[in-house]
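What follows draws every value from the coordinates through simple rules; no lab data is involved. Note that the structure is a prediction, hence the values are computed from the model and not measured. Cβ atoms come from the backbone with ideal geometry, glycine included; neighbour counts cover every protein chain shown.
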């Protein structure tokens, strides 16, 4: 059974660990993440961008696939399906499709419009029993067409959004999507501390979890981050393992590749990536 993320993140916040959000793009990715979460007894959040949802034949298809897997794989750990960087219309579609959690990315709107749209979604999510993540300060880099320069959030604006009744808050602190450049200056912990002071015990989210040094990850968790998003690292590991298999020429005696065998190395690579991150985030055994 799908759950929203509110309770799992409040528990993580109190106990000093973070829950990983791992974005899914197909059946193999979803199966690898769920299998690893069950083996490690870790709660997990399945992130779905609007682009990935479209690729997988729509949000209802995604929900049906995940619910089927939860039953067939006998998953016992808490699992949420969460819209990642959703538009306002995308949020409405995911509510209708049966998602258990959504993120409204209103960071590119003027703060007044961000507040107005977020207020409407707070009411809707409360009625439906969903959790809502909001964003202040655009996350840098590019992911699924969402582009940001890595602006740091205004702590006062964070409080304005938090006070609307959202469940979790993503505040830009210099983090970016994709691979981090060599000259990246690092996370702005002064901004994170200022945001924490304004929003109190509200669980905070760190987007762009790929490539951030382990010590920065641990410090961010100590300062209130309870959810960390990982996507690029899974993409890279999946692609590398699949490419290696193809280059090895392991086809079926010239008859072509068996897709189940072709995707197996990538499946195993994602499992290892998720395992490493769950151990770093401290969520192992927290289900």
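Taking a cut-off of 15 Å, what percent of all Cα-Cα pairs in segment 181-278 are separated by more than that?
69 percent
With both partners inside segment 6-281, how many of the DSSP beta bridges are antiparallel, as a percent to the nearest 5?
Bridges in segment 6-281 are about 10 percent antiparallel.
Could you give the nm distance between label points at residue 182 and residue 279, where each point is 7 Å from its Cα heading toward the beta carbon?
Label at residue 182, label at residue 279, 2.9 nm between them.
Where does the chain land at 222 nm, in deg cm²/dmol rounded to the nearest 500, when only DSSP H runs of n ≥ 4 count, each adding -39500 (n - 2.57), divided by all residues?
The per-residue figure over the chain is -15000 deg cm²/dmol.
Taking the chain as the reference, fit the longest principal axis to its C-alpha atoms, fit the long axis of helix 259-281 to the helix C-alpha atoms, and give the angle between the two in degrees, 0 to 90, nearest 10.
40 degrees
With all distinct Cα pairs included, what does the Kirkwood hydrodynamic radius of segment 73-129 come out to in Å, to one decimal, could you say?
About 12.2 Å for segment 73-129.
Two decimals, Cα atoms only, Kirkwood Rh: what is Rg/Rh over the chain?
The Rg/Rh ratio comes out at 0.97.
For 207, 177, 82, what's the fewest-to-most ordering of other Cβ within 10 Å of each Cβ?
Ascending Cβ contact count within 10 Å gives the list 177, 82, 207.
Which angle from 0 to 90°, rounded to the nearest 10, does the C-alpha axis of helix 27-40 make with the longest principal axis of the chain?
70 degrees
Between residue 268 and residue 74, what is the label-point separation in nm under the 7 Å Cα-to-beta-carbon projection?
Going from the residue 74 label point to the residue 268 one covers 2.5 nm.
Which angle between 0 and 90 degrees, to the nearest 10, do you get for helix 6-15 versus the longest principal axis of the chain when only C-alpha atoms count?
The helix 6-15 is inclined about 80 degrees to the chain.
Roughly speaking, what is the centre-to-centre gap between segment 227-244 and segment 152-224 when only Cα atoms are used, to the nearest Å?
So the two Cα centres are separated by 23 Å.
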